[in-house]
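Trainee: Below are the structure tokens for one structure; questions will follow.
The values are calculated or read from the model by the stated rules, or taken from the named source; none is laboratory data. Please read these numbers as outputs of a predicted model, since none were measured by experiment. Cβ coordinates were reconstructed from backbone atoms using ideal geometry, including for glycine residues, and neighbour counts include every protein chain displayed. Just so you know, the surface numbers come from the protein's heavy atoms only, side chains and all, with ligands and any DNA or RNA stripped out. Shrake-Rupley method; radii C 1.70, N 1.55, O 1.52, S 1.80 Å.
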Amino acid sequence: MVALIPLLPALGAAVNGLFGRRYIKENAHWVAVGACGLSFLAAVFTFTSFLREPQSYEVRMFEWIAVDPLRIELAFLVDPLSMLMAMVVTGVGFLIHIYSIGYMHGDGGYHRYFAYLNLFMTAMLLLVLANNYLLMFLGWEGVGLCSYLLIGFWFHKDSAANAAKKAFLVNRIGDAGFILALFLIYGQCKSLVFHDVMSQAHAFSTGLATAIGILLFVGAMGKSAQIPLYVWLPDAMEGPTSVSALIHAATMVTAGVYMVARNSAIYALAPAALNFMASVGAITALFAASIALVQRDIKKVLAYSTVSQLGYMFLSCGVGAYVSGMFHLMTHAFFKGLLFLGSGSVIHALGGEQDMQHMGGLRKHMPITAATFTIATLAIAGIPPLAGFWSKDEILAETFKNGHKLLWGIGALTALMTSFYMFRLLFLTFYGKSRVHHDKEHHLHESPRTITIPLSILAFLSIFGGVLPGFPPERGWIHGFLSPAISSVHHAKEILHGAAEHGAHALSLLDLTLMAVSIGAALMGLAAAWYFYLIRPALPGQWASRLKSIHTLLFNKYWVDEIYLSVFVRPLLKLCNRLWDFDLQGIDGIVNGASRVAVKSAEESGRFDLKFIDGVINDIGKLFDKWHDILRRWQTGFVQNYALVMVIGVLVLATSMFFIPYHF
Amino acid sequence: MNLDTITLIFGTGLFFIGITGVLIRRNAIVVLMCIELILNGVNLTFITFSHIHGNLAGQVAAIFVIVVAAAEAAVGLAIVIAVFRRHPSINIDEFNVLKW
Amino acid sequence: MITFLSFIFTLVGLTTAILVVTSKVPMNAALFLVVTLFTVAANYVLLGAEFLAAVQVIVYAGAIMVLIIFVIQLVGFQPSKDGSVQKQTPIAIVAAGLLFVQIAFYTVRSLTQLNGIQKPVQAAVDHTASFSQTLFTKYLLPFETASILLLVAIVGTVLLAQHKGIRE
């Protein structure tokens with residue numbers, strides 16, 4: 001049953017990939033959505049039977065690699081962590097598949113799109129269900145590949161092709177870290193199976209655990225878009241919006257968080273790695289949120305928002321609250337998926353317009369989209385009782401309680417900014433006066449049902465997906481469910497004290513204060529956005545000109561892309577070009593007898609050649625002239641003469657063995 | 001004179017005959033055949049020692065030698081054909097372009 | 001009995017091997033080579049390497065020899081003139097002979113050393129099964145590499161033998 005979860009999308013991808021272009025064409029969605037739906041059903045079935053009997057188990061399929069002593073099985077691990085991820089991936093994935101029917105309707109690469117999407121599901125499910133690191137890495141690379149294919153889905157657009165390339169290359173940097181971590185783990189444990197590694201993890205020295213932890217986190221940085229490797233994610237918005245929703249918001253980018261949570265046993269031994277992770281996460285959250293404040297492209301805002309929320313998740317993992325991180329991962333999948341799908345609906349209705357300055361007042365034309373989008377915005381901003389509040393508040397509370405006061409401050413500030421830019425986005429798009437171009441205005445329409453139904457379901461999940469599993473904070477259902485799969489220092493502490501201390505009474509004063517702070521931050525953001533963009537719409541422009549330097553800095557995203565371009569990309573390109581030149585000339589030299597190169601260089605340096613080099617060569621030539629008569633007799637050009645010399649050489653070597661002591 | 005000794009002599013003899021042939025024959029195809037003789041001599045020695053030691057590694061080595069020999073024969077004969085197409089002769093002593 | 005058989009095979013094999021080198025007509029050389037290969041295969045059987053004997057017959061005596069004979073027929077008979085290579089014949093024979101003596105010396109020495117060692121008892125095992133067991137577990141990676149080598153050889157052969165060949 002477990003095997004069916006990734007297998008079905010794989011079949012769907014194969015069918016669409018092989019027969020899509022000729023035979024299936026416009027019916028590709030039946031195959032893809034069907035495969036994904038069945039996969040979701042399989043996941044639900046596995047999940048419910050797991051709930052009845054919450055005992056982790058492995059399902060072995062067959063031996064994948066058997067080169068002694070390395071043995072890798074294709075096997076799946078069913079435990080709380082993988083089940084939660086499988087449910088999120090198949091569930092949200094299924095909704096986005098349905099959404100894609102409407103969104104991608106009429107595109108020339110319809111079948112190709114669905115084949116890629118199914119392939120992505122396969123890889124992602126392999127990633128989350130794998131029972132060993134190598135299989136996880138296979139999925140990890142697989143989602144990277146699909147991400148590349150789907151970002152560059154409209155590859156005839158230069159910007160899309162470049163964005164795809166960028167995503168792929170930046171991810172490679174992270175993957176290098178991941179691979180090195182795998183080498184270290186294998187070197188230490190002689191096994192790559194999670195179970196074996198975790199049971200041996202306590203024997204790791206602190207240095208080794210820190211090295212592994214940081215290297216794994218470098219891998220997560222690439223995939224989950226953390227500073228400094230986040231640059232690919234905003235560019236990835238060149239892909240279809242449904243892809244942004246599935247891959248770059250709900251599932252793939254959260255793989256890093258999942259991976260970190262999966263390795264909690266290693267991180268428990270490496271406080272330095274944890275602190276590093278928490279700091280990077282917090283800084284990323286703040287950094288990306290500040291960029292999102294002033295972006296005009298609706299998808300760019302959401303992209304930076306995603307980077308920022310991922311920062312939250314790492315912050316959470318970094319302070320040891322893996323469960324909160326996973327919880328936020330889940331709620332984030334709901335509301336960020338919804339936000340992207342809603343923005344896709346808007347873009348669809350406006351015929352490709354993504355600039356928020358040309359939107360506004362869309363509420364009247366697209367009531368369902370506007371309503372669901374509002375719910376998602378409330379959820380991400382952290383207004384109770386919607387999903388985002390529970391998970392985000394919990395992260396902040398855990399950060400504070402574990403003694404990271406500064407990081408908590410950053411997190412709270414980010415929460416304020418999150419609320420502000422999300423409501424700014426909401427108000428600019430759906431409320432206020434319409435700034436839509438007149439020729440587009442009468443085209444405005446609510447999206448078809450295949451789009452609105454997934455929106456509604458996700459809106460439902462955004463409302464209740466937080467409070468149901470996550471209430472009361474830190475002792476909700478999800479905490480009890482996930483904690484067996486997580487081993488952390490704090491968790492152990494909680495087991496010791498938790499039952500006695502927190503068991504009965506609900507919320508301490510500290511909890512309530514922290515909660516009030518995060519609600520306050522959210523409401524302040526809401527109020528500020530309300531004042532700036534609805535009451536006094538002229539104000540943002542004035543402020544922007546008054547704080548011009550900061551605004552320019554933020555609007556240009558701190559020029560990080562430009563810095564990377566000049567520091568890393570250009571020198572590398574230059575080096576590559578030089579190497580390429582060298583290659584070209586070298587091959588030309590061999591293939592064409594170097595004649596063309598000689599001609600070219602002769603044109604440029606003919607005189608130099610004639611006077612200096614020729615002179616030198618002639619002198620040398622005269623010198624060798626005396627020797628060549630003797631030496632050339634050796635170079636007969638007959639193979640057999642050379643063979644004879646070889647045999648004599650062997651003879652001499654063998655003879656020398658008489659005189660050298662040997663040992664058989 | 002037991003079995004192992006005889007086959008070792010056989011192997012060594014094949015090696016000797018093969019090397020002599022490679023060195024003195026002019027016909028490229030015959031030279032290729034002599035190379036096969038050398039390889040067979042080596043293989044026979046491998047297998048004899050595998051027999052002596054009761055260790056299968058020698059047989060494994062022999063099968064890799066056969067693989068290489070097959071590849072070598074295919075490529076070698078392709079070269080002979082390519083050369084023959086250009087210059088209607090396959091006598092090695094008419095080719096001394098290695099000099100250049 | 002086995003020793004006697006082996007002796008006969010060796011005698012026939014060495015004789016035909018010498019004929020391979022000495023016969024003037026390439027086709028005769030090829031046919032003698034087939035006989036040599038068969039005697040080698042027979043010795044493999046006596047040494048307990050049945051699988052390799054089969055491979056020897058199929059790959060060598062079958063595939064490779066067919067290829068060689070095919071090329072001989074394609075190229076046709078080549079009259080040979082005296083060339084410069086002929087000059088090295090005496091020295092070549094001397095060098096090869098010396099090499100032979102040396103190898104024989106080392107072999108005999110290693111055999112006399114081995115006589116002291118108890119030979120591991122060869123139980124009545126299925127040689128082919130245990131051989132494949134070794135090949136596909138301990139030597140799996142070399143095995144796969146060999147397959148790549150064959151692939152490269154195929155591509156190279158096609159490239160070399162195609163009608164246009166490689167032009168300068």
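Trainee: How large is ³J(HN,Hα) for each residue in the range A:318-326, as worked out from phi by the Karplus curve 6.51 cos²θ - 1.76 cosθ + 1.60 (θ = phi - 60°), to whole Hz, x for Gly and Pro?
Mentor: For the range A:318-326, the Karplus-derived couplings read x, 8, x, 9, 4, 4, 4, x, 5 Hz, x marking Gly and Pro.
Trainee: Let me ask something additional. A:Ala379: net charge of surrounding residues, Cβ under 13 Å, Lys/Arg +1, Asp/Glu -1, itself excluded?
Mentor: So the environment of A:Ala379 carries a net charge of +1.
Trainee: Once a ≥ b ≥ c are taken as the square roots of the eigenvalues of the Cα gyration tensor of chain B, is the result rounded (a/c under 1.5), prolate (a/b larger than b/c) or oblate (a/b not larger than b/c)? Present the calculation step by step, with values, prior to reporting the outcome.
Mentor: Values: a/c = 3.88, a/b = 2.15, b/c = 1.80.
Prolate, since a/c reaches 1.5 and a/b exceeds b/c.
Trainee: Using a 10 Å cut-off on Cβ atoms, rank the peptides A:95-105, A:203-213 from the highest mean neighbour count down.
Mentor: So the peptides A:95-105, A:203-213, ranked by packing, come out A:95-105, A:203-213.
Trainee: Sorting check: for A:439-452, A:11-24, which peptide has the highest mean count of neighbouring beta carbons within 10 Å, and how do the rest follow?
Mentor: Numbers: A:439-452: 14.9, A:11-24: 18.2.
So the order, starting with the most tightly packed, is A:11-24, A:439-452.
Trainee: Checking the a/c ratio against 1.5 first, then a/b against b/c, what shape does the Cα gyration tensor give for the range A:1-129?
Mentor: The shape class here is oblate.
Trainee: Picking from B:Ser89, B:Ile17, B:Gly41, whose Cα lies most toward the positive end of the charge dipole for chain B (charges on Cβ: Lys, Arg +1; Asp, Glu -1)?
Mentor: My answer, from the dipole projection, is B:Ser89.
Trainee: Please list 3J(HN,Hα) in residue order for the range C:23-30, calculated via the Karplus relation 6.51 cos²θ - 1.76 cosθ + 1.60 where θ = phi - 60°; whole Hz, with x for glycine and proline.
Mentor: 5, 6, 9, x, 4, 4, 4, 4
Trainee: Report the relative contact order of chain A, percent, no decimals, based on alpha-carbon pairs under 8 angstrom and at least 6 residues apart.
Mentor: Relative contact order for chain A comes out at 11 percent.
Trainee: In addition: Roughly how far apart, in whole Å, are the Cα centres of the range A:388-439 and the range A:153-204?
Mentor: Using only Cα atoms, the two centres lie 30 Å from each other.
Trainee: When you look at the Cβ of every residue in A:61-67, what mean number of other chain Cβ atoms sits within 10 Å? It would help to have the intermediate numbers written out before the result.
Mentor: Details: counts 0, 0, 0, 0, 1, 3, 5.
Shielding by partners across A:61-67 averages 1.
Trainee: Right, another one. A:Arg60: accessible area at probe 1.4 Å, nearest 10 Å²?
Mentor: Answer for A:Arg60: close to 140 Å² accessible.
Trainee: Please give the helix A:595-608 orientation as an angle from the longest Cα principal axis of chain A, in degrees from 0 to 90, rounded to the nearest 10.
Mentor: 80 degrees
Trainee: In whole Hz and in residue order, list the ³J(HN,Hα) couplings for the range A:424-437 that follow from phi through the Karplus curve 6.51 cos²θ - 1.76 cosθ + 1.60, θ = phi - 60°; x for Gly and Pro.
Mentor: Ordered by residue, 3J(HN,Hα) equals 4, 4, 5, 5, 5, 8, 9, 10, x, 7, 6, 10, 6, 4 Hz.
Trainee: With every protein chain left in place, what is the accessible area of A:Ser343 in Å² (1.4 Å probe, nearest 10)?
Mentor: A:Ser343 has an accessible surface of roughly 0 Å² with all protein chains in place.
Trainee: With axes computed from alpha carbons, what is the tilt in degrees of helix A:570-591 against the longest principal axis of chain A, rounded to the nearest 10 within 0 to 90?
Mentor: Compared with the principal axis, the helix lies near 30 degrees.
Trainee: When the Cα centres of the range A:329-382 and the range B:38-76 are compared, how far apart do they sit, in Å?
Mentor: A separation of 70 Å, based on Cα centres.
Trainee: Hey, another quick one. Only four residue types carry charge here, +1 at the Cβ of Lys and Arg and -1 at the Cβ of Asp and Glu. Report the dipole size of the range A:1-131 about the Cα centre in Debye, rounded to the nearest 20.
Mentor: 440 debye
Trainee: Based on the inverse mean of 1/r over its pairs of different Cα atoms, what is the Kirkwood hydrodynamic radius of the protein assembly as shown, in Å?
Mentor: About 33.5 Å for the protein assembly as shown.
Trainee: Follow-up question, since we're still on this one. Just to make sure I understand: if all protein chains stay in place, what is the order of A:Trp30, A:Trp232, A:Trp64, A:Trp390 by accessible area at 1.4 Å, largest first?
Mentor: Result of the area sort, largest leading: A:Trp30, A:Trp64, A:Trp390, A:Trp232.
Trainee: Amide H neighbours of A:Trp64 under 5 Å, at least 5 residues apart or on other chains, H built in the peptide plane: list them.
Mentor: It is A:Ile72, A:Glu73, A:Leu74, by chain and number.
Trainee: Just counting partner chain Cβ atoms within 10 Å, what average do the residues of peptide C:5-15 show around their Cβ?
Mentor: Numbers: counts 2, 9, 6, 1, 3, 9, 2, 0, 9, 6, 0.
Mean inter-chain Cβ contacts per residue within 10 Å come to 4.
Trainee: Let me check I've understood the local charge: for A:Ser456, count other residues with C-beta under 13 angstrom from its C-beta, Lys and Arg +1, Asp and Glu -1. What total comes out?
Mentor: Summing Lys and Arg as +1 and Asp and Glu as -1 gives 0.
Trainee: Now for a separate question. Which whole number gives the average count of other chain Cβ atoms within 10 Å of the Cβ atoms across peptide A:541-551?
Mentor: Values: counts 0, 0, 0, 0, 0, 0, 0, 0, 0, 0, 0.
Partner Cβ neighbours, averaged per residue: 0.
Trainee: Please name whichever of B:Ala73, A:Gly318, A:Cys146 sits farthest to the positive end of the charge dipole of the protein assembly as shown, dipole taken about the Cα centre and charges placed at Cβ: Lys and Arg +1, Asp and Glu -1.
Mentor: Among B:Ala73, A:Gly318, A:Cys146, the one farthest towards the positive end of the dipole of the protein assembly as shown is A:Cys146.
Trainee: Here's something else I'd like to know. Where nothing but the Cβ of Lys and Arg (+1) and of Asp and Glu (-1) is charged, how large is the charge dipole of the range B:3-99 around its Cα centre, in debye to the nearest 20?
Mentor: Values: 5 positive and 5 negative charges, 70 e Å.
The calculation lands at about 340 debye.
Trainee: Toward the positive end of the charge dipole of the range A:14-96, about the Cα centre and with charges on Cβ (Lys, Arg +1; Asp, Glu -1), which of A:Phe19, A:Ala43, A:Val78 goes farthest?
Mentor: Comparing the listed Cα positions along the dipole, A:Phe19 ranks first.
Trainee: While we're here: Evaluate the charge dipole of the protein assembly as shown about its Cα centre and quote only its size in Debye, nearest 20, assuming +1 on the Cβ of each Lys and Arg and -1 on the Cβ of each Asp and Glu.
Mentor: Around 1500 debye, computed over the protein assembly as shown.
Trainee: Okay, moving on. Sort the range C:1-77 into rounded, prolate or oblate with this rule: let a ≥ b ≥ c be the square roots of the eigenvalues of the Cα gyration tensor; rounded if a/c is under 1.5, and if a/c is not under 1.5, prolate when a/b is larger than b/c, oblate otherwise.
Mentor: oblate
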